[in-house]
Structure formats: C-alpha cells, structure tokens
Amino acid sequence: MPFPLRPVAAAALVAALAPLPALAATRVAAQASMPVALTPAPAHMTPEKGALTLGEGQAVWIAPGDAEARLAADWLVDTLARTRGVRLVVREGQAPARGGGVALSRGGPAGEAYDLDVSPHRAEVRARDKAGLFYGAVSLWQLSAQARPGAPLRIQAVKVQDAPRFAWRGLMLDSARHYQSPEAIKRVIDGMASLKLNTLHWHLTDDQGWRLEIKKYPRLTEQGAWRQPAGAAGRTASGEPVRYGGFYTQDQAREIVAYAAARSITVVPEVEMPGHALAAIVSYPQLGTRPPPPGVGADWGVYPDIFNVDDSTFAFLEDVLDEVMGIFPSTYIHVGGDEALKAQWEASPKIQARMKELGLADEHALQSYFVQRIEKHLNAKGRRLVGWDEILEGGLAPDATVMSWRGLDGAVAAAKQGHDTILAPGPVLYFDHRQSASPDEPPGRGKMSTLRSVYAFNAEPSELTPEERKHVLGVQATMFSEHIRTDERAMAMLFPRLAALAENAWTPSEGRSWDGFAARLPATLGRMSDLGLGYDSVPFEPQAAFDPPAAGQVTTRLDTGLQVGEVRYTLDGAEPTAASRRYQAPLSVKTGATLKARTFLGDQPLGRAQAWTVTAERAMTRRSHELNRCTEGLILNLEDDAPGPDGKRGTFMLDILNPCWIWKDVDLGTGARLSVTVGQLPFNFQLGNKLEPLPVRPPSRPEGELEVRFGCKGPRLATVPLTQAAANPGRTTLEVDVPSRGKGDLCFTFSSLAIDPIWALYGVTITPAAALPAKAD
C-alpha cells in the first residue's frame, strides 16, 4: 500500500519556511496589541503616554557631515520603506524642537549603548558611537506600527536606556560544506542586524571546500572549491558527474564585509589549520604529509589529511592570511585548530624528525607550536588569533582567544589562564541540530536545540569567579552546513533561534523571561517575515500522536513541544481560529473524521494549521522520527540522495553507527501485514580516529534484507529481500506478513554486505490481520 504520510519535500519545506501569509495578514494587529515589543528586550524601558505619528516624507535628522549617523539613518529609512511602505527622508541639520520626525544625535552613552526617547512630538536616538546610533534606529524600526499597510507609522511613546550584556554576539556561518549565495548571506546579515547581533564568523575553508579567492594560489578555488556529491545526487539523469561548489571572489567578500559593517556587524574570517585541510592539500599536494585523493571529498566528518610543518607550508599559510587580512579588517582572525587528527604526523618520519629538532614532546605540542607560529604572524599585522578549544592542547598561544565548542570546559580553562573566551557549545548553540521532534523539520543533526533551550542557555559558568567571568567575551551560535544544502534551509535553521540567542546575549540576566520573550514572538516573527527571512515555523505547529483504533475511535494527542501559546482545533473540517476549542486533554476522534489544529498566542497564530484524516491506517503509521532508536550513537536526520515515488527527497532519522528502529508495544494478537518504506543512503562519513570498520549484519542474499524481530534480541518474524529496493535509489515500500505474537516491541534492522549504502527505514504502517481483506477461495 502507498505510504500515507507527507514527506519533508522541497515544495512543502519552502512553504513552511516562507513568510507566513496568515502571519503577514495579522501582523498589523500584532503590532497594535503589543506596542512595546522589542527583541532583544532592552536593559531599561519605561512606556510613556501618547504616541508619535510618522508619515511619508517626514525627516530623519542627523548632524551635518556625520557619515556614521547617515549609515544608521539610511538603514532606518530604507528598512521602513521596505517593510512598512512609508519612506522618510534624511536631512542634515538641527531637528526642530516640536516638528515631528526622528533625530539621531551624538551624546549619551558610549560603545553599543544608546538612549531612545519617543514622545508625541519626536523620536530621538542619542548615542556617542556608531553602533549605538544604529541599535537605537533598530529599536525605533521595531516599535513602528501601523493601523493598516501603507498607513502612517504609530510609535508608542517610550523611554529606553539600553546596552548589551556581552560584547561578542555572534553567528558562525559554514560556507565550506555548502555554499550560500552572496544574496543569502546579506539576508542573514539583515536578520542579525535586526536582532542586534554584531559578529559574523565566516567559516570559509574545510575538507569539503575552499570558498575564498586567493590570488597567489588560484588552484584553491579552481580545484578546491568543487566536488562531486555522494550517491545518486552526484550524477545527472544521464549519468554525468555533478560538479558542485562555488567560491567568493575577493570583491564579493569585500562587498559582504562592507554590507555587514554598515549594519554594525564585524565579519571574522576562518581559515582552518592544521586539520580540516583536505581541499587545500588536494589543490597543492606539497602542503600535506601524503599524496592526497584526486579530488575534494564528499564525505562529512573529519578527514585525516593535515598540513605538514615545512617552512614552505607556513609561507603558504602566511601568504593566504595576508590576502585574507587585506579583505577583512576585523581585529580577530579565526584559524580553526579543531579536530586535527594526528595519525599522519605520527606516521611521518619527516614530521617526527622536525619534532625532535624543535624539542617537542608529542603531536599536541607540535600543534601548539603550529598555532603559536601563526599567531606571531597575525600579531605582527596587528591582529589577534581566535581558535576552537583544541588550541588549549599542548599549550595555549600567548594572546589567543578560545572559542569553546565541546561544552564549556574549554572556556573555563581559558578564563582561568587569563585568556578571553567565547561560548559556542554544542548541541545547544549548534544550529545544525533540529528544532523539534517533527518529521517535517529540515535535515540536520538528530539531537534537538530548541528555541527554548537556546533562550535558557546559561552563559555564566559557575566554575568561574566574577573576575574570571570578565574574560567571557560573549556567546555565539554555530551552523555547520553538512546537511543544509540550500539557502532556504539555512534560513530555517537560523531563524527564529537567532532571536533567542540575541536576547540571551544582549539582555541582562535579571531582565530576561521566557514568558516575556514568548509573548513578543508574534511581533518578532512578523518582522522576520517583513525582512524576507524564511524562518522555521514547524516548532510552533501541532504534532499529532495516535493510539491504535478501538471501537471506531482513535485516541489522539496534540503537542507543539515548545509549550508556547495554546492549540486550538476543529473536527468538522473548518479552519481553526483563536475562538476554536482549546486542546486540553487527549481527544477521542471518530475514524474518518478530519482533525485540524493550529497554535495561537492570544489571537495571533503561530505556524501553519495542520490537518489529519484520522483513519485506522493513519493511526497505525509511524515515520522513522516517531520510532525509538535502538542506540543513540550518531543521530542524524538525513535527506535521501534521490527522489521517492512522489518526486521528492524524504528524510530518515537514524543512528548511522547502528541503523535500528523499535516500534514499542505493538499488539500482534492476530498477526499483521507490515508496509515498510525503506531507502538507501550513501555512507559518506569520515569518522575521525575510528579505524575499526562498522559492524554489519551478514545477509543471506547479496542485495541484503530487511529483518523484523519481536524484540531486538527476540525471534525473527520476517526477512524481506531488498532486491527491488536495491534497484531503486529512492524510496521503496515493501510488504510482509508477520505471525501472531501477542504484545511486544517490533525491531527493524537490515543485513548487508557492506556499510555503504546505509539502508534506512522511512516509515512503517501496520495493518492487523483481522483488518485485511479476506482471501479469495
């Protein structure tokens, strides 16, 4: 039988991530009902009586010749015109005392701090420095509301005194694993600026691609920027290899840097070393310790290839960094330093001789020497080195800043040694992890990093004294892009979680409240839509869980996971509204009925409405995401490398180290027919220092088998040849009858000759034998 669940498809995903029409339609109402809905919440804010009205052609006043104030004023004028349809004009001179309009004036607090005073007569931003003027303009834009689209702006009278909690409020964007268009990066910068984030850490090189033009070494982008994707995705319909990749010219990178700077965002480039170096070594083999493969690899994870320590290799890296510093004026240059596998250094007589010459005890000390040598070059150019927390191993470079990703231990160690540090721990601040348990989430890592967990992240390690905490520069979200192959998916993984990160990084601890943040979500999400940011609406949308049908009824539970707002539902086919019945307890739904549900916060919808035709088949269907996994080794939500019968690429939730799924407490009292949809995925994973091959279950047929057991250690109920599925790079539905066994767990595994391809379960439908059509005599 056909698999009845909706897959995560390209068209459906685009619909889920596009600005929501319903939310856009209610944005004006959201603005009116929450007139002071600033995100991140300001340090101090006092609502006043009355409101300021701004109409077409009114002035934004700046001092004559103040170029920095003009940047903020131009941004405000352009953003109001684009998002509200009202264009103000920038004027130089003294603002009239009661003449309306907006004034951006010097004075007040320094740095990124600002004061905002909105009265019925005028709005004034006061700040001593460029960033403060800009952030005051951002707050003014956030406060602008309308009675209807195109109408004059109404801004609630308010006094704001604001300053950030942390100096580093960042996002790492990985453009090495998957290339993002310059236009998409500018959209990300727009979103960051709207949330007062100030640092874009740009991951430009890795094993899987070199993305920045280096004029002295053209092969880095001629060869190192391109690869052939793994599996079926790596060939066209006619069998020709696909050439995937791209790079940024130096002019494009400078344009992005300038675009960010105009929005008070510093772009910090990252050039990985000494590991994560395959793309560079493929381009220039003399940089490595062994002959490299012929092309850039398409495996995810960590390749063993590592730079050697010849003087000529350091000369290459210094040349590269000199060109990088000519493009990026940032104080910090990120050099990676993470996951540098040492096996090739250990096996190289030349490297070992060099270590002896330098008096180095081990390979960790060699990496420390490597990083310290690079740091001296950066310091000589007036720059500072920042690296991932592995740069602590073997001895920390004298002036280095540590970016802590393996929890907070690296940050604590760095701060206690008197070094600055940035908190970027996974999985909570790793935005390649999924945002909810829904099968509709985009591909990514399997552990969850939810909006709420990002908001709740504690950026003040208890192990540090107040004096040591001064070394914590701030916090950063990280989005590695192995499983994020499109610009639209990048937006979905970043937004709305960046709003939670921004409030965590900006608002003082005593001023933060999840309930307050959640109450502002309709306004926050509306502004994301205004900016064209296709945020992920899935975490707000109700998910349904069904019990087996009984006496024509199906017990149904609804949950959003985030616990934001209330779920409203209908059973008569009508679209749910804020006045529909509120979900409070499991529902008993008659088979054949249509259940529709949507989340509301007050009268504002969050996410799309969801609909289910509640049938016995639907109640007895589970996607891989809804099943238990037998182990929790390396959990990924992987996208198929080929389309299924519907022409779309689905997703599979699995532990790639042990693909095994459990449907718990199944009643096989009368036996059942299982419809199991499976797929094959390329095993394109480098597992670092794991040298032992992964175990496979030996098959009785060359093409392999699906195995169904009653309990993972129990008797085998069925074995289904994968002959049909092996010939199909997409999804295939297999059917098998299993005998009566009573109640227990069904365990699904695969047997195969090799780990590549990985066989994966997409979903299962169980039809009790008693419900099957009678066999003809």
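Points worth noting:
- Carbon-plus-sulfur accessible fraction, the chain (probe radius 1.4 Å, protein heavy atoms only): 53%.
- About the centre of its Cα atoms, region 511-637 shows a dipole size close to 80 debye [charges on the beta carbon of Lys, Arg (+1) and Asp, Glu (-1) only; nearest 20 debye].
- Accessible surface, per residue, of the chain when the full set of protein chains is kept, probe 1.4 Å, Å²: 37 Å²
- Rg/Rh (Cα only; Kirkwood hydrodynamic radius) as it applies to region 524-634: 1.02
- Listed pairs Lys596/Lys664; Lys356/Lys376; Lys216/Lys376 exceeding 24 Å between Cα atoms: Lys596/Lys664
- Cysteines not pairable in the chain (beta carbon separation under 4.7 Å absent): none
- Listed cross-link partners Lys342/Lys713; Lys590/Lys743; Lys186/Lys381 are compared with a 31 Å cut-off, the Cα-Cα value being larger for Lys342/Lys713.
- Each Lys and Arg adds +1 at its Cβ and each Asp and Glu adds -1 at its Cβ; summed about the Cα centre, region 355-420 shows a dipole of about 320 debye.
- Solvent-free Debye scattering, log10 I(q)/I(0), computed from the Cα coordinates of region 571-697 at q = 0.16, 0.18, 0.20, 0.21 Å⁻¹: -1.07, -1.17, -1.25, -1.28
- Net charge, Gly704 excluded, C-beta distance under 14 Å - Lys, Arg +1, Asp, Glu -1: -2
- Pairwise alpha-carbon distances in region 338-417 exceed 16 Å for 54% of all pairs.
- Descending Cα extents along the principal axes, region 427-508, whole Å: 44, 22, 21
- Ranked packing of 630-643, 498-511, most packed first, by mean Cβ within 10 Å: 498-511, 630-643
- Working ranking of peptides 303-312, 475-484 by packing, defined as the average number of other Cβ atoms within 10 Å per residue, highest first, is 475-484, 303-312.
- Gyration tensor (Cα) of region 66-136, equivalent ellipsoid semi-axes in angstrom: 18, 15, 11
- Approximate shape of region 391-540 as ellipsoid semi-axes (Cα gyration tensor, √5λ), whole Å, largest first: 30, 19, 12
- Inter-label distance, nm, simple model (7 Å from Cα along the C-beta direction), Glu632/Asn458: 2.0 nm
- For Cys630, neighbours were defined as the other residues whose beta-carbon sits under 14 Å from its Cβ, and their charges (Lys and Arg +1, Asp and Glu -1) total +1.
- Percent RCO, i.e. relative contact order, over the chain, from Cα pairs under 8 Å lying at least 6 residues apart: 12 percent
- Using the alpha-carbon positions of the chain, Rg (one decimal) and Dmax (whole number) come out as 28.3, 96 Å.
- Dipole moment magnitude, nearest 20 debye, the chain about Cα centre, only Lys, Arg, Asp, Glu C-beta charged: 1940 debye
- Sorting the segments 68-80, 665-677 by their residues' average number of neighbouring beta-carbon atoms within 10 angstrom, most packed first, yields 68-80, 665-677.
- Centroid-to-centroid separation of region 515-534 and region 333-404 [C-alpha atoms, Å]: 43 Å
- By the helix-only formula, in which each DSSP H run with n ≥ 4 contributes -39500 (n - 2.57) and the sum is divided by residues, the chain has a 222 nm mean residue ellipticity of -7500 deg cm²/dmol.
- Residue (of Gln417, Met448, Leu464) at the positive-pole extreme of region 389-496, dipole from beta-carbon charges: Met448
The values are calculated or read from the model by the stated rules, or taken from the named source; none is laboratory data. Here the structure is a predicted model, which means the values were calculated and not measured. When we count neighbours, we look across all protein chains shown, and the Cβ atoms used for this are built from the backbone with ideal geometry, even at glycine. Note: accessible area is taken over every heavy atom of the protein model, side chains too, but ligands, DNA and RNA are not part of it. Shrake-Rupley method; radii C 1.70, N 1.55, O 1.52, S 1.80 Å.
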